[in-house]
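Only one structure is covered here, and it is reproduced in the block below.
Since every read-out is calculated from the coordinates, none of them should be taken as a lab result. Here the structure is a predicted model, which means the values were calculated and not measured. Every residue, glycine among them, receives a Cβ derived from its backbone with ideal geometry; neighbour counts consider all protein chains shown.
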Amino acid sequence: MTNAQNVLPPEKLLHALQWRYAVKKFDHTRKISDDTWSALEQALILTPSSFGLQPWKFFVITNQQIKEKLMAASWNQTQVAEASHVLAFAARTNPGVEDAERHLRRIADVRNVPLSSLDRLKAVLTKFLQSPPTQIDLNVWAQKQVYIALGNFMASAAVLGVDTCPMEGFNPARVDEILGLPAQGYATTVMALAGYRSPDDKYASHPKVRHKAEHMIARIA
């Protein structure tokens, strides 16, 4: 496939990003199709991460009873229960050498190379995970990586015409308990709701408020 076939026209990208907003009320009768959701899951998987380590896991919730429990743990914000899909972006807790080893095995498998050929990379990853720079807390580092995935997911959804709402307004410990995350070594950092906006969500018609480009973009020659 040539580069030209991969290019989304700039005006279509900007239209999608202007169209999207943080939905406050979803149409609970509309569900995301399986093929569209599959594409969004692949977008998540394709998200870049530091060292390629992917210190995250994405928990997809469509069960209505679980969504209602999550709503109760999210200050009773009704869009949690109304959305087609709820996505919990969970960071790896206490990432360690075993995570690096899993990543290295995957590289060897996908690229069909001997594991021993990755010894230099293994040394770099091991040093980072066992003795990170003093200013880096590995749990905070993993949480920051998760936000890369959130941004990628929301932009991808907008391009596909799927509405989203990012959410930090929830009780993380309670959400983790509902989803059974502690035993799996993950903790929810942020959630995203996905579906289709309700016709009577008044926020859909509100103009976007952003600072002017000259206040936000600095070009350094």
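A quick yes/no check of all residues on (1) among the hydroxyl-bearing types (Ser, Thr, Tyr); (2) within 26 Å of residue 23 (Cβ to Cβ):
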{"residue": "162", "(1), (2)": "no, yes"}
{"residue": "168", "(1), (2)": "no, yes"}
{"residue": "180", "(1), (2)": "no, no"}
{"residue": "188", "(1), (2)": "yes, yes"}
{"residue": "193", "(1), (2)": "no, yes"}
{"residue": "201", "(1), (2)": "no, yes"}
{"residue": "205", "(1), (2)": "yes, yes"}
{"residue": "211", "(1), (2)": "no, yes"}
{"residue": "214", "(1), (2)": "no, no"}
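Just the residues that are farther than 23 Å from residue 44 by Cβ, part of a loop (DSSP other than H, G, I, E, B) and of a type in the set (S, T, N, Q), please, taken from the stretch 60-99. Matches in the stretch 60-99: 76, 78. In the set 193, 150, 179, only one residue is touching a Cys at 6+ places or on another chain (Cβ under 7 Å) and either under 20 Å from residue 40 (Cβ atoms) or of a type in the set (D, E, K, R) (or both); that residue is 193. Any chance the stretch 11-19 includes a residue that's closer than 27 Å to residue 209 by Cα and of a type in the set (D, E, K, R)? Looking for residues that are closer than 27 Å to residue 209 by Cα and of a type in the set (D, E, K, R), one finds at least one in the stretch 11-19, hence yes.
Candidates 33, 38: the one that is among the small types (Gly, Ala, Ser), within 27 Å of residue 203 (Cα to Cα), surrounded by fewer than 13 Cβ atoms within 10 Å (Cβ to Cβ) and without any contact (Cβ under 8 Å) to a residue 24 or more places away in the chain is 33. Only a single item in (1) under 28 Å from residue 182 (Cβ atoms); (2) part of a loop (DSSP other than H, G, I, E, B); (3) not aromatic (Phe, Trp, Tyr) is not met by residue 126, and it is number (2). Residue count for the stretch 17-30, restricted to those that are out of contact with any Lys or Arg (no Cβ under 6 Å at 6 or more places or on another chain), part of a loop (DSSP other than H, G, I, E, B) and buried (at least 16 other Cβ atoms within 10 Å of the Cβ): 6. Among the criteria (1) more than 25 Å from the chain's Cα centre (by Cα); (2) among the polar types (S, T, N, Q); (3) part of a helix (DSSP H, G or I), the one residue 134 does not fulfil is (3).
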